[in-house]
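To start, the structure under review is shown below, and the notes come after it.
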Amino acid sequence: SDAVCNFVICNDSSLRSQPIIFNPDFFVEKLRHEKPEVFTELVVSNITRLIDLPGAELAQLMGEEDPKLPGANSTASGFFRSLMSLKRKEKGVVFGSPLTEEGIAQVSQLIEYLHKNLRAEGLFRVPGNSIRQQILKDALNSGTDIDLDSGEFHSNDVATLLKMFLGELPEPLLTHKHFHAHLKIADLMLFDEKGNKTSTPDKERQIEALQLLFLILPAPNRSLLKLLLDLLYQTAKKQDKNKMSAHNLALMFAPHILWPRNVTANDLQENITKLNNGVTFMIKHSQKLFKAPAYIRECARLHYLGSRAHTSKDDLDLLTSPGSNELQPLKSQKRSRLDTCHQEETQQRTEEALKELFRHVHNMPDSAKKKKLIRQFNKHPTALTPGSDVPTSPAPRRTRSRSFSGLIKRKVLGTPVILERKSRDATPEPERVSKENVHLLQKCGSPAHMSQAKLKSSEGRKEESCRRMRAHLLSKDSSSL
């Protein structure tokens, strides 16, 4: 059913109170009106997937051949066949004429009135008064407005006149060319585990086949069929009052909406049960039959929007087509651009999270934990540099060491000493040395930083100076300790 949305964004105050009707079959109807050949081919191809239609019956369904109906070649002319043909010779504006929108508008008055009087016992079965029916028929043919609520007409008069209107159409409401398809739909049964056909109807496939078949009905036929089946559905729901079940209603309407014209029950004796059961099924499931299947909606939407290719994995011809090789570089470039954008987005989110964490750490009160976290940030300067983005309070300046060894280093070296980690392979010094003297000791006692040529040329001179400096520093450190 159509979804009704009560939430409206509109600047016009007069339209805000109006509900918006969303039609899920919008693209289906658009394709039907604008490209009927494409639409018919799409629907019929799916119908043949569900039911087996030989070449002649398929051509009849497509309208390429005249339908071959039961009793058409029979030479017998019974009383009922002659009577029905005589009735259809008297054509009026509404009754006996091909179905038009004007005729539907007139008949819809009868349907609206019957919706208000569904509790009448024997509705559609008990005949009404023939004189009142003729008055009502003339009024409908002349196109005058009728006040059915005035009490002049009975509900049985209106119900009988509705059946009369359907029976006098030149062809049944479900059309002659769909006749064989309905017989095949009635034969859709479930299969057991061994693959044998059972006597249980396959309701899901029958509903899907009817949905497809109704899509290719002429627009006036489909509109009136929807109004009629909805009326019969509501009537069957009140069967405790009107005594008319879905099967009883099917017996009343199957000859008017499904049976071919100018045939009798004898002509349909082999199929009459299938036809009656088929109309019963339509009445019971009428609320589902006028929705297009989901795959038809998707195909119609893609036909206009073309958002993505609607192909399966088994379409090898499509995958190996000449144009497919040209599309591969474009697809790879598009995929690489998407991967790059994804990586940049991920990296940006990571940086934002780290900046937030860094800001949180700097707002923490001074503690050993805060210092430890800051040292961890400083160990990885290339991963994040939040200091440039996050305003932080200036860290307290550390007081310089006033030790005697520090003064010697500043005098001798002339530049700040940068502490470096010793490699694990280096042999630790046996003497206890302060941290401030590590760099100086490495300068003097670590020959790994010099080439062998320089060591050989200045070995004696440097050993003497380094020995004196080490002895002097060790003596100072021991005295300070």
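The values are calculated or read from the model by the stated rules, or taken from the named source; none is laboratory data. The structure displayed is predicted, hence computed values, not measured ones. Don't worry about glycine lacking a Cβ; one is built from the backbone with ideal geometry, like all the others, and counts go over all protein chains shown. Ligands, DNA and RNA are stripped out before the accessible areas are found, and what is left, the full protein with its side chains, is counted by its heavy atoms. Shrake-Rupley method; radii C 1.70, N 1.55, O 1.52, S 1.80 Å.
Some notes on this structure:
- When the charge dipole of the stretch 200-244 is built from unit charges on Cβ atoms (+1 for Lys and Arg, -1 for Asp and Glu) and taken about the Cα centre, the candidate among I207, P218, L232 whose Cα reaches farthest toward its positive end is L232.
- Using θ = phi - 60° in the Karplus curve 6.51 cos²θ - 1.76 cosθ + 1.60, the 3J(HN,Hα) couplings for the stretch 58-66 round to 5, 5, 5, 5, 7, x, 7, 10, 6 Hz; x is entered for Gly and Pro.
- log₁₀ of I(q)/I(0) at q = 0.15, 0.18, 0.20, 0.22 Å⁻¹ - the stretch 116-226, Debye sum with one point per alpha carbon: -0.85, -1.00, -1.08, -1.16
- Principal axes of the stretch 152-214: Cα extent on each, largest first, Å: 61, 26, 17
- Subtracting the Cα-Cα distance of E270 and E171 from their residue separation scaled by 0.36 nm leaves 33.5 nm.
- Interchain or long-range residues, amide H under 5 Å from T175's placed H: none
- Pairwise FRET efficiency - V93 versus V126, Cβ, R0 = 30 Å, nearest 0.05: 0.60
- Label-point separation in nm, H360 to E193, each point 7 Å along Cα→Cβ: 5.8
- C-alpha center-to-center spacing [the stretch 38-52, the stretch 176-201] in angstrom: 17
- The Cβ shell under 15 Å around T144 holds other residues with a net charge of -4, Lys and Arg each +1, Asp and Glu each -1.
- Close amide H pairs (under 5 Å, H built 1.01 Å from N) link G128 with T160, residues at least 5 positions away or on another chain.
- Assigned charges on the beta-carbon of Lys, Arg, Asp, Glu; the stretch 126-181 dipole about Cα centre (debye): 320
- Under a 5 Å amide H cut-off, with hydrogens placed 1.01 Å from N, M189 pairs with D202 among residues at least 5 apart or on other chains.
- If R0 equals 30 Å, the separation of the Cβ atoms of T200 and K163 corresponds to a calculated FRET efficiency of about 0.40.
- If R0 is 22 Å, the Cβ-Cβ spacing of K241 and E152 corresponds to a FRET efficiency of close to 0.40.
- Net length gained if the chain between S367 and A294 were fully extended (0.36 nm per residue, minus Cα distance): 19.8 nm
- Here the Karplus relation 6.51 cos²θ - 1.76 cosθ + 1.60, evaluated at θ = phi - 60°, turns the backbone of the stretch 157-169 into coupling constants of 4, 5, 5, 5, 5, 5, 5, 5, 4, 5, x, 9, 5 Hz, with x for every Gly and Pro.
- The phi torsions of the stretch 120-127, fed into the Karplus equation with coefficients 6.51, -1.76 and 1.60 and a -60° offset, translate into couplings of 5, 5, x, 4, 6, 9, 7, x Hz, rounded to whole numbers, with Gly and Pro shown as x.
- Normalised Debye scattering of the stretch 191-278 at q = 0.13, 0.24 Å⁻¹ gives log10 I(q)/I(0) of -0.59, -1.31, counting only Cα atoms as equal scatterers and leaving out solvent.
- Extension gain for R119 to S223 (0.36 nm times residue separation, less C-alpha to C-alpha distance): 34.9 nm.
- Protein heavy-atom accessible surface, 1.4 Å probe, per residue over the stretch 137-198: 44 Å².
- Sorted largest first by accessible area at a 1.4 angstrom probe radius, with every protein chain in place, the residues K184, K194, K203, K137 fall in the order K194, K203, K184, K137.
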